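Read-outs throughout are calculated quantities, based only on the coordinates presented, and are distinct from any laboratory measurement. Just so you know, these numbers come straight off a predicted model, no measurement behind them. FYI the Cβ positions are ideal-geometry reconstructions off the backbone, even for glycines, and counts take in every protein chain you see.
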Amino acid sequence: MPLTKINHRVSIHFEKDGNGESILFVHPPGMGLVTFNLQLPLSKKYQVIRMDLRGNGKSTSSSEQITLPLLAKDIKELLDYLQIERVVLCGYSNGGSIVQEFALSYPNRVRGIILIGGFPEVNTFLLRSEFQLGIFTVKMRGLPLLAKVLGKAHGTTNEFKKEIENYVLKANPEILYQMYVEGLKYKCTERLSSITVPVLLISGARDYYIHSYQKLIGTYIKHADKVVISKARHQIPTKHADELNFIIDEFMNKLK
């Protein structure tokens, strides 16, 4: 699908498959829409929308300073373009922070929220270290190394590993740097109690540094449901796709 110009500054690349209720997937810095290739089976029942955030994948960049509210606004403009009034948002890792910001900024556009390994702020040593490593790597012109690491960590076959690696290499290094910096300092925790739509928190049983964030979100969103995938680490969309797709389908059924 070609680039879609959502405003005069930037064009967003997206892919839309299937029909029915809309689920929009939001990726973490650098990875692009290939992150959710294995969620395409859901398009048999739902309209699956995958996008490249600005400066990532095949989407263009602009000179605007990256902030999470800006990225949330890009999603809103894409939904406007697609004439989708309300959507279920599914964010993976730091993509979940963008989803939370969108839900807080445009609550009338959200039917439900799914956070896979998500967090409302970075307040632990391990997660902070991961962000700082990403910042340092990109700053030191280490995008090829980062691409290889992400491909190896997420890919389930050699072909898929290479596809992810090549897609990460499309990212604008300056935009990626800004995304890591903004993701590190972002905090929406104390605003979460205003979220009233159904929320599903998904984590891996072995994704230990995320567990405290699941509890933190649950403190502010009392109605949030939690699912822990046995033996899973962080890379749930690719390494545990079948389980994830089943869980998402169950969540969508509850929204009917």
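One equal scatterer on each Cα of region 47-121, no solvent, Debye formula: the resulting log10 I(q)/I(0) at q = 0.15 Å⁻¹ is -0.48.
Apply the Debye scattering formula to the chain, with a single equal point scatterer on each alpha-carbon and no solvent, then give log10 I(q)/I(0) at q = 0.12, 0.14, 0.15, 0.17 Å⁻¹. After summing over all Cα pairs, the log10 values are -0.63, -0.90, -1.06, -1.45.
In summary, the lysines within cross-link reach of K256, defined as a Cα separation below 18 angstrom excluding same-chain residues under 8 places away, comprise K44, K45.
Only helices enter this figure: runs of n ≥ 4 DSSP H residues, each worth -39500 (n - 2.57), summed and divided by the residues of the chain, yield -13000 deg cm²/dmol at 222 nm to the nearest 500. Full extension of the chain between K222 and T157 yields a length gain of 19.5 nm, computed as 0.36 nm times the residue separation minus the alpha carbon distance.
Candidate cross-link partners of K185 among the aspartates and glutamates, defined by an alpha-carbon separation under 14 Å and a same-chain spacing of 8 or more, comprise E101, E121, E130.
Ranked by the mean number of other Cβ atoms within 10 Å per residue, highest first, peptides 43-56, 192-205 order as 43-56, 192-205. Spin-label model, V149 to T60: label points 7 Å out along the Cα-to-beta-carbon direction sit 3.2 nm apart.
If you take all C-alpha pairs in region 160-256, what percent of them are over 19 Å apart?
When every Cα pair of region 160-256 is considered, 60 percent fall beyond 19 Å.
Filter the cross-link list K161/K187; K58/K152; K58/K231; K58/K161; K58/K148 down to pairs whose alpha-carbon distance in this structure exceeds 29 Å.
K161/K187; K58/K231
With a Förster radius of 25 Å applied to the beta-carbon distance between D80 and K256, the computed FRET efficiency rounds to 0.50.
Each of M179, M140 was scored by other Cβ atoms within 10 Å of its Cβ. Listed from fewest to most, they are M140, M179.
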